[in-house]
Each structure stands twice: as C-alpha cells, then as structure tokens.
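Take a look at the structure set out below.
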Amino acid sequence: MFSRAYRSSVTVPPLTWVVVFLVVPYFLMFCYSFWSVSQSQIIVHSWNLDNYRELLRVPVYWQTLLRSMWIAARVTLFSLVLGYPLAYFLSFYAGTRKDLYYQLVIIPLWVSYLVRAYAWKTILGSEGVLNTLLQYLHLTKHPLEFLLYSPFAVVLTLTHIYTPFTFLPIYAALEHIPRNLVEASQDLGASPQQTFWRVIFPLSIPGVLAGATFAFVLSLGDFLAPALLGGPSGIMISNIVVSLFGAAYNWPLGAAISLCMLVLVVSLLFVSERLEKKWSFS
Amino acid sequence: MGTTTRPAESELTTPAITSLLSVRNIAKTFGKNVVLRDISLEVAEGEFLTILGESGSGKTTLLRIIAGFESATSGELWMGGEHLDRLPPYKRRVNTVFQHYALFPHLTVEENVAYGLRVARPAEADIDSRVEQALARVKMTTHAKAKPSRISGGQQQRVALARALVKRPKMLLLDEPLSALDANLRRQMQLELKSLQREVGISFVFVTHDQEEAMVMSDRIALLRMGELEQVATPREIYSRPATAYTAQFIGHTNLLRGEVRSGILRCNSLSWKTSLPDGSILLSLRPESIRLQRGALKSFSDDTVAFRAKVKQKAFHGATELLQVECTDGLTLSVRTASQGELRDELEWEFQTRDAMPVRESPERL
Amino acid sequence: MEFLVSEGTRKDSQPNWLFAHAVAVFFFLYLPIAVLIVYSFNGSGVGGFPPRDLTLAWYRTLFADSAIWESVVNSLLVAAAAVVIALGLGIPAALALDRAQFPGKAVFRRLVLLPLILPGIITGLSLLMLFARSQINLSLLTIVIGHGTALISVATTEVFAGLQKFDRAQEEASLDLGANYWQTFWRVTLPNLKLSIIGAALLIFTLSMDEIAVSFFLIGRDNTLPLEIWGRLRRGITPEINAISTIIFGFSLVAIVLWYRLRARGEGSSEIATELIETAVQGD
C-alpha cells in the first residue's frame with residue numbers, strides 16, 4: 001500500500017543513525033577489547049586475548065561482577081516484594097482512587113535519579129537525618145556506620161529507584177485480568193487466597209518478569225549509586241569500568257568488561273523474553 | 001394509574017412443586033440509581049426460569065445478587081432453608097455461566113472444568129472421571145487438552161457449562177450465555193440447553209433480553225422492567241394473557257387499542273362491540289394473528305366478531321407469514337399477521353374475535 | 001474486556017496488611033524527597049535532626065551561583081536538541097516498524113529499543129570510542145548525539161503505541177479521496193499522533209535533563225546540570241544542592257501533571273512507562 005519512496009524515507013534515516021551510532025560503536029567496543037594499552041598510555045592495535053585472560057585471572061574483576069549480580073538480585077527481590085502488593089492493592093482494592101494512587105507512584109519516577117540518590121546520602125550518613133534522629137530518640141548512642149558507604153546503602157537506594165519500575169508492568173498485567181475470571185473462580189468455590197494463587201498470580205507473571213528483568217539489568221550496570229553511597233565495599237562492576245576509562249586509563253580492558261556486560265544483558269533479555277512468552281495466555 | 005407493587009404472578013399449576021430459591025423483597029441501589037425495587041420471586045426445583053428484560057432492567061444485577069457478586073441493599077435470599085445472602089459466592093451451592101464465558105486462559109479445557117473440584121478437595125480420586133463425564137455431556141471430549149484461545153465461541157460456551165455443572169450445584173445461573181453466538185448456532189444451543197436442563201434436572205435461572213429465546217426455553221418467564229417484575233407466568237400465558245401494555249408489546253407483536261366503555265358498549269375509533277367490562281377508558285391488546293381476512297360475504301354482525309375495512313399499506317415478508325400494516329377508513333393503523341399470499345387488493349374486509357382483544361393495564365413511565 | 005473495574009460490588013474485606021503495606025511503600029518512596037525539601041530550608045545544613053532555623057539562605061546562594069545556571073542552560077539546550085533528534089528519527093522508525101516490511105526488520109527493532117534497557121554506561125562508552133577513533137572532540141554536541149541515540153527508543157515506543165490506536169481506515173479514506181501519501185501523512189496521520197508526540201517530547205525532555213550515565217563519558221568543557229551537581233557532590237555536600245533539587249522536583253511535578261493530563265485526554269489510564277519497560281524487555 002505504501003510507495004517505495006515513502007517506505008525508504010521512513011526506514012533510511014533511523015536505520016542510518018542506528019548503524020552509525022549504535023552498531024559501529026558496539027563493533028568498535030568489540031575491537032577495542034582485543035587491543036591493549038602500552039606503557040606510555042597509547043592504545044596499541046595488536047590483536048590478542050590478553051584482556052579476557054586478565055579478567056579471568058585477576059580475582060577482583062569477577063568478584064566484583066558477582067557482587068554486582070548479588071546486589072542486583074537483592075534489589076530486584078526487594079523491589080518485587082514492595083512493588084507487587086502495591087500493584088495488587090491498587091488494582092483490586094483502590095476503587096475510585098486508583099488513578100490518583102497511580103499518579104502518586106509515578107511521581108518519584110520523574111524526579112531526578114541523582115537527586116534521589118543524593119537524598120539518601122543525606123539521610124544515611126553518620127551526621128545524617130536517620131542517625132541524628134535515632135540518637136535524638138535515644139535509640140542509639142553512636143551513629144550506625146553500616147548505613148552509608150556499604151552495599152546496604154546501594155541496595156537500599158537502588159530498591160528505592162526501581163520499585164516504581166517493577167510496579168508498572170505488574171500493575172498493567174493485573175489490570176488486564178478480566179474481573180469476570182475472579183468472579184468465576186469464586187463462583188466455583190475458590191476462596192480469595194485460592195483465587196489469587198490459581199488465577200491472578202499466574203496471569204500476572206509476564207508483568208513480574210518484565211519488571212524484574214528491568215530492575216536487575218539496570219541495577220547491575222549502575223555506577224552512580226555505588227559511587228555516591230557504596231564506599232570501598234560497595235564497588236560495582238561499572239565503577240571499575242569508569243575508572244578504566246578515567247584514571248586507570250586502560251580502554252581495551254574497560255571495553256572487554258563492557259562487552260561482557262553487554263553479552264550478559266542481552267542473554268538475560270533473551271531468556272526473559274522466552275519465559276514471558278511461555279507465560280502469556282492471551 | 002398506580003404503580004404495581006405485586007407482580008401479576010400466576011399460580012403454579014401443580015401445587016406439589018417445591019420452591020428452591022426464595023427471593024424476598026430484594027432491592028438494590030447504586031448510589032442514586034435504583035436498579036431493583038422490591039423483587040419477590042420463587043424459583044421451583046427443576047424448573048427453567050427466565051428473567052427477561054431490556055438492558056437496564058436490572059436482570060443482570062438480580063442474577064449477580066443471587067450468585068453473590070453484589071449484595072442487595074435490602075431484602076433476603078433463602079435457599080434450602082439457608083439464609084443465602086449471608087454467604088460469600090464461594091460458599092453458595094449456586095454456579096454461574098458467565099456472559100463471556102470467563103474461561104481461565106492459562107488452563108486447558110480439562111483443567112478449567114476440574115477447577116471447581118480441585119479447589120474443594122484436591123486429593124479426590126474421582127475428579128478425573130467426573131470431568132470426563134461433564135465434558136462428554138457437552139460433547140467437548142476431543143478438545144480436553146486445548147487452551148480456551150484455540151476453540152470457538154460456541155465451544156467455549158459448552159466448556160463454561162461443563163465447568164459449572166460438574167460441581168452439581170442446586171441451581172445454575174446463566175447470564176445471557178448465548179448472546180455472543182450467531183443466529184443459527186444460537187437457535188441450536190437453545191434447544192440443547194433446554195434438553196440439558198431436563199437431563200440434569202436442576203433449576204436453571206436464565207437471563208436474556210431476547211423474548212423469543214425466553215419463550216422457546218422457559219417453563220416460566222419473569223419479565224423485569226426498570227427494576228420491577230411486570231409479570232411472572234408460563235410463556236403461553238404471558239403471550240395470550242399479558243397483564244400490562246408493556247408485556248403485550250415486549251413479547252411478540254401487538255396492537256394497542258384505546259377505547260371507551262359506556263353502558264356495555266366498547267368504542268374504539270370507529271369500531272364498537274358489546275362488552276361486559278365496566279365503564280371507563282380502557283386499553284386493549286390485540287395480537288396481529290387474531291385479525292383475519294373475512295371469508296365470503298359474512299356481513300352479519302355476530303356479537304363476538306368485529307368486522308372492518310382496511311387498506312394494505314405495507315408488507316413485511318417473514319417467510320411462512322407476513323406482517324401487514326393496514327389502514328382503516330378512520331385512519332387507525334393495525335398490524336395483521338397472515339400466511340404468505342400474493343398481492344392483496346387494496347381495500348379488504350377484515351375481522352377479529354372480541355375475546356382476542358385483551359384488556360391490559362397501563363404501564364406508566366417509571367422514574 | 002469490559003470487566004476491568006468493578007464498582008459497587010461486594011468487596012471482600014480489604015486485608016489490613018495490604019493497606020498497611022501500601023502506606024509503607026508510599027512512605028518509603030516519598031521519604032527522601034520530603035527530607036530533601038525540608039532540609040533545603042534548614043539553616044544548620046544537610047544532616048542533623050530535628051531541622052531548625054528555617055531559612056531561604058540556600059536558595060539565595062543558589063541563585064547567585066553562575067556555574068549552576070550555566071549548566072542549566074546547557075541542559076536545556078541539550079534536552080531540546082535531543083527531543084528534535086529523537087522525534088525526528090523516532091517517528092519515521094515507528095512508522096517503519098508499523099507498516100514497512102524490509103529485510104532485517106526484527107534486528108532493527110531490537111537495536112532501536114536496546115538503549116532503553118541497557119545500562120547507560122554501555123551506550124556512553126561505545127559512543128566515546130566512536131568519537132575517539134573519529135577524532136571528534138567531546139562537547140555538548142557529543143552529548144546531544146548520546147542522548148538522541150538513547151532516547152530514540154522512547155519516541156519510537158510512544159509513537160508506535162499511538163499508531164496502534166489509530167484507525168487505519170482514516171488513511172485509506174484520505175487516499176480514496178485523492179490525497180497522495182505525503183498529504184495523507186501531514187493532514188491525517190500526523191494530527192492523530194499529536195498527543196503521542198507531545199507526550200514523547202515531554203518524557204524525552206525530562207529524561208535528557210536528568211541523564212548522567214551516557215553524558216558522563218561524552219562530556220567536554222561544558223557541564224550539564226546533573227554533571228555539575230555530580231561534580232559538587234564529589235567535593236562535599238551543601239544544602240544548596242537540596243535547594244536546586246527541590247526546584248527540580250517542582251518542575252518534575254509540573255511535567256508529570258501536564259503529561260498525565262495529556263494522556264488522560266488521549267485514552268483511558270496511561271501505561272507509557274509500562275509500555276517502555278515491557279517493550280524494552282520483550283522487544284515488541
């Protein structure tokens with residue numbers, strides 16, 4: 001139905017941009033990962049697998065990666081634990097206030113990520129709001145050190161950021177469940193709990209998967225929260241990459257790590273997509 | 001005239017029939033909206049009762065109150081000596097076939113049918129055989145392992161039926177289950193549902209807006225209008241002895257005639273005949289099939305026949321019959337149903353029996 | 001699917017714990033924001049409880065801080081440019097995905113949507129390498145390119161969703177009445193996409209103003225606002241940052257209310273961010 005000219009004019013410009021600014025850069029990253037850096041800080045184009053060997057050999061890299069994955073896993077879990085019941089409440093019990101509550105959940109999303117991370121920093125610090133409050137109430141005598149500059153702070157902050165992100169697809173999935181299915185289930189004798197586990201939850205799984213994947217992948221690659229709040233024990237893989245492109249000046253190694261992250265993320269997306277298809281029933 | 005608070009309920013002809021469900025003075029208001037006013041009804045065991053009404057009449061609300069998805073604003077429900085409206089839906093021995101079937105998309109046909117049994121007692125060994133039986137009864141055995149998205153609307157409806165019946169409820173509620181089917185399939189399903197009900201022997205409470213469907217399937221019809229029961233009677237009675245003008249018009253076609261009775265003579269436009277009705281204004285319902293072409297030259301006025309001349313203005317062909325619009329000499333237009341014939345001459349002689357002109361009550365506009 | 005909202009139905013008694021949980025989550029979500037705002041007026045600085053000395057001093061310092069305002073201007077410029085690029089490429093991309101068949105369409109779709117879910121660091125780094133190899137200096141322009149690339153996906157998703165809701169028959173009617181493809185596009189298709197486009201623009205603008213991960217690697221001499229704040233954070237915390245944060249929050253509030261009104265006018269309850277997440281993860 002659409003003419004050749006129309007079709008090429010809508011496909012060519014975005015396609016070109018995507019090739020130039022996405023495909024080529026990824027390809028470059030791929031290339032860089034096989035190069036190395038000389039003593040005098042010049043990038044040498046000798047093709048080798050040194051970087052990858054280094055990643056496997058030196059513990060700090062894969063240890064940090066594992067720690068990052070562990071942090072991401074906890075963030076995902078907590079976000080789901082916070083987000084799912086909230087979505088369920090809004091969808092099934094909020095009645096006429098549903099829209100209002102929905103807006104209230106969305107608003108923090110629009111507030112700058114940096115701003116929110118910074119806010120947690122001021123709350124969790126040893127002179128921060130929480131510590132001084134606890135001391136003011138005579139619940140503690142000394143500031144709690146673990147609150148800030150620790151994996152705890154990173155997990156807390158990232159959970160705060162990503163809970164609305166897990167909420168959204170779960171809420172959408174729950175809203176899509178026709179209410180007559182709930183009625184049918186009760187009509188056939190299932191109690192509300194049975195109805196939830198046998199009907200509502202299975203049908204909400206695609207939303208849960210989408211939210212969890214999003215939270216996990218983005219937490220994994222985050223460098224802001226660890227930099228602000230993580231301290232030495234909370235360093236994540238992206239912080240290492242950042243320093244390799246900064247002070248530690250080893251672009252090839254940094255590229256190698258980035259490439260690994262890219263592959264990891266794409267694989268996760270692939271798996272998640274498969275699972276979602278398996279669990280969607282429309 | 002006054003609004004009716006008691007429906008024109010006809011006596012059950014067999015006094016020995018027991019009442020299964022007792023609806024007593026049920027009323028329902030949504031905010032400012034009064035959807036049901038003072039509904040009282042008995043559903044007998046083993047009967048096929050249809051709640052018939054237009055959209056907005058409150059019929060679905062009534063059904064949902066019986067099922068337990070809505071609570072009545074006032075009034076009571078009693079079933080088998082139990083106060084039904086105190087129970088949540090999953091504790092009532094009543095099951096529903098939903099308008100859009102509400103099959104669980106993530107379960108197979110088999111699992112859908114087994115659902116009600118599984119939530120009750122998961123370890124029961126004869127769940128499988130009961131499910132098989134139920135599927136066989138609705139002829140869906142070959143599709144047992146399919147998912148609902150893969151079967152047709154008519155098939156989904158059968159699965160919904162099986163799912164509800166496998167629990168052996170005391171009463172089955174059906175919320176316009178045939179409305180999504182096309183005409184032929186619908187007619188077929190009407191007969192199947194009817195024979196299924198006979199076979200299973202439990203009460204069916206069927207909700208529809210289609211009066212033909214109601215007449216075909218029901219033992220009794222409860223006609224609901226704007227939240228009140230207009231008439232509750234067998235199809236035959238409701239058709240031949242409609243209580244109100246609304247009933248007469250809603251069920252089948254009719255001619256509504258306004259007349260005056262004075263000293264034993266009923267006058268309606270230029271027509272008149274002797275009557276024993278009291279003086280005053282009156283509303284009559286005259287079914288189109290009661291009006292016939294006059295045979296031969298029988299011009300003698302007998303007391304029980306009314307004759308008149310009228311021109312055929314319009315014809316609607318219905319296959320076996322035709323519905324004609326005829327205009328009398330005084331301008332009164334009547335609908336007449338005759339067997340299909342060819343061209344009719346313009347002005348003809350028509351007649352009807354006086355006993356076919358039934359007096360009906362007014363149906364006042366309700367707020 | 002008419003049975004989505006049940007009104008006036010028998011409500012199963014609302015579990016109290018569910019309600020308490022919801023309240024707790026809302027509290028958790030808004031706590032940092034509340035603290036931020038309160039302490040921007042706090043005379044004795046960022047920490048400490050209880051806050052005392054209500055003052056506007058920090059706001060005054062803020063307004064005198066030229067570096068911050070320069071970065072604000074930079075951010076605004078970058079955001080505006082990002083909107084232009086993202087929409088300028090995202091609208092055709094959405095049309096292409098909706099209508100055209102071409103080899104590699106599935107791959108194209110994945111690629112366009114990928115930056116949505118990839119950690120920004122990967123997008124930023126890969127572009128850095130590109131600019132380094134091509135000897136292009138880092139500047140606001142490179143940041144613009146970075147934002148544009150990352151945010152095309154947002155534009156594409158929004159416009160695509162708008163296209164799905166759009167009745168194709170309108171275009172057919174237009175063609176039937178004698179308009180050619182271009183006229184149809186300008187006179188029929190585009191006006192129908194107005195709401196989607198405006199919504200996308202608002203979202204892209206906001207995301208660009210807040211963007212750090214990509215910008216971090218592509219920055220030249222001029223800072224954007226988030227990077228300016230970030231730089232200061234490294235040096236130490238001052239309530240001035242609370243002040244600017246509060247102002248940012250204010251603007252975000254306005255933006256989301258605007259956007260929600262737009263969306264509510266278009267269809268029923270909005271799910272754009274949801275669509276973004278689902279699209280990013282599922283790739284469709």
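Derivation of every value follows stated rules applied to the coordinates shown; laboratory data play no part. In this text, all values refer to a predicted model and were calculated from it rather than measured experimentally. Neighbour counts run over all protein chains shown; Cβ positions are idealised from the backbone, glycine included.
At a glance:
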quantity	calculated
Over 35 Å [Cα-Cα, chain B], rounded percent	38
Backbone HN-Hα couplings from phi across segment A:142-147 [Karplus 6.51/-1.76/1.60, Hz, Gly and Pro as x]	10, x, 7, 6, 5, 5
Under the Karplus curve 6.51 cos²θ - 1.76 cosθ + 1.60, θ = phi - 60°, whole-Hz ³J(HN,Hα) for segment B:106-118, x wherever Gly or Pro sits	8, 10, 6, 3, 4, 5, 4, 5, 6, 3, x, 6, 5
For chain B: relative contact order, % (alpha-carbon pairs under 8 angstrom, 6 or more apart)	16
Listed residues C:G199, C:S71, C:L97: farthest to the positive end of the dipole of segment C:66-282 (Cβ charges)	C:S71
From phi via Karplus (6.51, -1.76, 1.60), per-residue ³J(HN,Hα) for segment A:68-81 in Hz, x at Gly/Pro	4, 5, 5, 4, 4, 4, 5, 4, 4, 4, 5, 4, 5, 4
Mean Cα-pair separation over length for segment C:107-179, i.e. relative contact order, pairs under 8 Å, 6 or more apart, %	41
Neighbour cut-off at most 13 other Cβ (10 Å), DSSP loop, GluC sites (Glu not before Pro), segment C:118-207	none
Column: log10 I(q)/I(0), Debye, Cα scatterers of segment A:43-157, q = 0.14, 0.17, 0.24 Å⁻¹	-0.88, -1.03, -1.22
Simple Cβ-charge dipole of segment A:131-262, Lys/Arg +1 and Asp/Glu -1, about Cα centre, in debye nearest 20	160
Cβ charges +1 (Lys, Arg) and -1 (Asp, Glu), total dipole of the protein assembly as shown, debye	860
Size of charge dipole - segment A:51-278 - debye, nearest 20, with Cβ of Lys, Arg +1 and Asp, Glu -1, no other charges	240
For residues of A:120-132, the mean tally of beta carbons on other chains within 10 Å	6
Charge dipole of the protein assembly as shown about the Cα centre (unit charges at C-beta), most positive-ward option of C:V84, B:Q99, A:I42	A:I42
Long pairs among B:K139/B:K170; B:K32/C:K165; B:K139/C:K165; B:K59/B:K194; B:K274/B:K311; B:K28/B:K147, criterion Cα-Cα beyond 29 Å	B:K32/C:K165; B:K139/C:K165; B:K28/B:K147
Ranked list, fewest to most other Cβ atoms within 10 Å of each Cβ, for A:W62, C:W186, A:W110, B:W350	C:W186, A:W62, B:W350, A:W110
GluC sites (Glu not before Pro) restricted to DSSP loop in segment B:96-185 with at most 15 other C-beta within 10 Å	B:E124
Relative contact order for chain A, counting Cα pairs under 8 Å that sit 6 or more residues apart, in percent	27
Residues with amide H under 5 Å from that of B:T244, placed H, sequence gap 5 or more	B:R361
Exposure proxy order (Cβ contacts within 10 Å, fewest to most) of A:D187, A:D222	A:D187, A:D222
Inter-chain shielding of A:75-86 (mean C-beta neighbours from other protein chains, 10 Å cut-off)	2
B:S272 long-range amide H proximity, modeled H, under 5 Å	none
Fewest-first ranking of B:W273, B:W78, using other Cβ atoms within 10 Å as the exposure measure	B:W78, B:W273
Candidate lysines - alpha carbon under 27 Å from A:K141, same-chain residues fewer than 8 apart omitted	A:K121
Global form of segment A:51-278, assessed from the alpha-carbon gyration tensor, a/c cut-off 1.5	oblate
Cα gyration tensor shape of the protein assembly as shown, rounded if a/c is under 1.5, else prolate or oblate by comparing a/b with b/c	prolate
Chain A: most fluctuating residue of A:N48, A:N180, A:N250 per GNM, C-alpha cutoff 10 Å	A:N180
Amide H within-cut-off set for B:F48, under 5 Å, with H built and near neighbours excluded	B:F204, B:D219, B:R220
Average other protein chain Cβ within 10 Å of Cβ, residues A:171-179	5
Whether segment C:66-282 is rounded, prolate or oblate, judged on the alpha carbon gyration tensor where a/c under 1.5 counts as rounded	prolate
Chain B: calculated mean residue ellipticity at 222 nm from DSSP helix runs of at least 4, using -39500 (n - 2.57)	-6500 deg cm²/dmol
Dipole of the protein assembly as shown [Lys/Arg +1, Asp/Glu -1 at C-beta], most positive-end residue of A:G211, B:V261, A:W70	A:W70
